Amino acid sequence: MHYFNILIVDDEEDFLETLVKRMEQRKIDAVGVRSGEEALEAMKKKSFDVVILDVKMPGGMDGIETLREMKKIQPLTEVILLTGHASVETSIEGMKLGAFDYVLKPVKLEDLLAKVADAIQKKDTHESKIRGAQINKLLRYW
């Protein structure tokens, strides 16, 4: 039984496969894709709790553009940006666009899992507040 749904977006195939396997070992349903375009398609088909998104990816969409589009599809999904030292400024831009946080590559799995846990907790809190507001709205009509 899996408890959480994670989308991992990274063009480095070995890193991606390893991270997906390590998440699965921890009962986390992890889907790995290699581009921003693939990530957006995955998000149209399935809801994710957290996205781990590489900032620097070759091809049509970089991580920041992908983040911008992800927030349109699933606004409550938390996004953790993976970045190298050279693109910390870009990651800060991502935070302004709604990313939960960023981590520097290479990242220790334990550190990444701690960020994922924090992101899931934030998403759950936000969803609970929304449900509470909806319940209050419903009760006002009685």
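Here are a few things to note about the model shown:
- This model, with +1 at the C-beta of Lys and Arg and -1 at the C-beta of Asp and Glu, gives the chain a dipole about its Cα centre of some 940 debye.
- Summing Lys and Arg as +1 and Asp and Glu as -1 over all other residues whose Cβ lies under 13 Å from the Cβ of residue 6 gives a net charge of +2.
- MRE, 222 nm, helices only [DSSP H, n ≥ 4, -39500 (n - 2.57), over the chain, to nearest 500]: -17500 deg cm²/dmol
- Extension reserve of the residue 41-residue 27 stretch, reckoned as 0.36 nm per residue once the Cα distance is removed: 2.7 nm
- Inter-probe distance in nm under a simple model that places probes 7 Å from Cα toward Cβ, at residue 135 and residue 117: 2.7 nm
- Set of lysines with alpha-carbon distance to residue 115 below 22 Å, sequence-local pairs under 8 removed: 21, 27, 46, 56, 71, 96, 105, 123, 129
- Summing Lys and Arg as +1 and Asp and Glu as -1 over all other residues whose Cβ lies under 14 Å from the Cβ of residue 46 gives a net charge of -2.
- Net charge of neighbours whose Cβ lies under 14 Å from the Cβ of residue 29, counting Lys and Arg as +1 and Asp and Glu as -1: +4
- For the range 1-128: rounded, prolate or oblate by the Cα gyration tensor [a/c cutoff 1.5]: rounded
We did not get these values from a lab; they are worked out from the coordinates using the rules stated. Everything quoted here is computed from the prediction, not taken from an experiment. Using ideal geometry, Cβ is built from the backbone for each residue, glycine included, and neighbour counts are taken over all protein chains shown.
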